Amino acid sequence: MTLPDGSGRTCAWFDGGGVQRPWDDGGGGEGGGGYCGPPGCDGTGCGDPDPANCPFEPVPCGSIGSCGACLAAPGCDAWSTGTCFESCMGAPMDAACYSQEYINGTPESICQQAAADGADDALCGVQSDCASCTATALTGGDATCQWYADANYCAAGCGMEGCGSTTCDACALDGLCLDPSGACRDVGAEWFLDDGCTKCTCAGPPSGAFCVDGCLEQGEELPPSGSNPNLSVVKEGAGCEGTTVDVTCTLMGDDSTACHEYLPADSSECTVEVKYSYNARQVAPPTNVILTSVLRERDDSYHGSPRAYVEGRWGQNLTPTSTASYEMNSWEGEYVNFCLRDIKPPTTLEFKTDVCTATATYELIQSADVVAQLPAAPVTIASAEPLVPTDGKTTDVLDQDGTSAAATNGASTVGFLTIFAVGAVLMVW
């Protein structure tokens, strides 16, 4: 403002010590304490007539109306639901958030991605039935919209409630998988094909099911999945289609007898050593899956709980190429008194990557018919030496385009798997 004295001088800004200027490092505070007055000096200091040196006044993020302006504004670094935020922490949790903190790119490229995703959301959102939804291609042409049968709507991708279906068969619409018999299977369910050793697992939408040839893995026919009703598998994450986990329990030295089916002939056979076996697999797709951890938990385990496996692999890329695969096999012994009729703690194997957490839980629960025939538990002798179970071996194999890298702890390397797809998943030979 020009002073009315005809001198041509302008008003000056007096910084009272509480206003932050552009060159300040923050020590002067965030505002307040300054005032405007005639040029000169007073007890607080001298006024500054240069407008370029006026205090920095940050623009509220919420007042910025475009993605590009948002990501370029000081103090603002998140664009979500058409609104600018300081960070994604302040954005809606159930909506996509675009920020240089989480996306590697320039503000321009990030905003282009936001625009493309927004166009996909709008395109999928107007589809009113499964057929039109799953036939609508997303930007880039390598994927389609997903149909959420439970809520009867179409969306561009997965959300907090999971993923929709990219097909319109009856099983997929219910979030299930179609097996060769025509039956719908729950997510995590496993079944065998007619050859008796190719095991399939339902990964749920949008991936469907995938199958692994177990004959090449163990050199023998695997038992049918119906013989292990005590196993449950849970998968959580957006990239679980290539992940499998398994836990089995058999008598040590007798792999044909499952723990939950064992019936001691008399009291002398109540306490026996059992063999817990663990298997975890990761195949592409998806590619560039990073292993986070592999942990086994069982509260009363002689070997401790939790127990970590293949720690040398943690943080490594398990599927660097589209034909890569990784597999871990291990086993350990435990002594179990079957005649105590107590509740045995469950055994859990958790295989965790950056895109999926897969957990297999085996519960040593015997049927009522078996429990009714158990002999009386023998008297425990306090002075008896504790039984020491066998500590098993671990095999760890990473196959990248046919070039294997194996780390084996006292065991021979397992043969590589032949993996193929059922539904829209995977083909690796």
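The values are calculated or read from the model by the stated rules, or taken from the named source; none is laboratory data. Only a predicted model underlies this, so the values are computations on that prediction, with no experimental measurement involved. All Cβ positions, glycine included, derive from the backbone under ideal geometry; neighbour counts span all protein chains shown. Note: areas computed on protein heavy atoms with side chains; ligands, DNA, RNA excluded. Shrake-Rupley method; radii C 1.70, N 1.55, O 1.52, S 1.80 Å.
Would you rank I64, I290 by solvent-accessible area, highest first, keeping every protein chain in place and using a 1.4 Å probe?
Putting I64, I290 in descending order of accessible area: I290, I64.
If each residue of separation counts as 0.36 nm, what is the full-extension length gain between A151 and C41 once their alpha-carbon separation is subtracted?
Length gained, A151 through C41: 32.6 nm.
Using a simple spin-label model with points 7 Å from Cα along the Cα→Cβ vector, what separation in nm is obtained for S63 and S367?
The two pseudo-label positions are separated by 7.4 nm.
Quick one: pull the percent of accessible area on the range 271-395 belonging to carbon and sulfur, 1.4 Å probe, ligands and nucleic acids left out.
Summing carbon and sulfur atoms, their accessible area is 53 percent of the total for the range 271-395.
I need the chymotrypsin sites (Phe, Trp or Tyr not before Pro) found in the range 73-180, filtered to DSSP loop residues with at most 16 other beta carbons within 10 Å of theirs.
Sparse-neighbourhood loop chymotrypsin sites (Phe, Trp or Tyr not before Pro): Y102.
What net charge do the residues around R185 carry, taking every other residue with its C-beta under 13 Å from that of R185, with Lys and Arg at +1 and Asp and Glu at -1?
Its environment carries a net charge of -4.
Give the accessible area for L251 in Å² (nearest 10); use a 1.4 Å probe, count only protein heavy atoms, and leave out ligands, DNA and RNA.
Here the accessible area works out near 20 Å².
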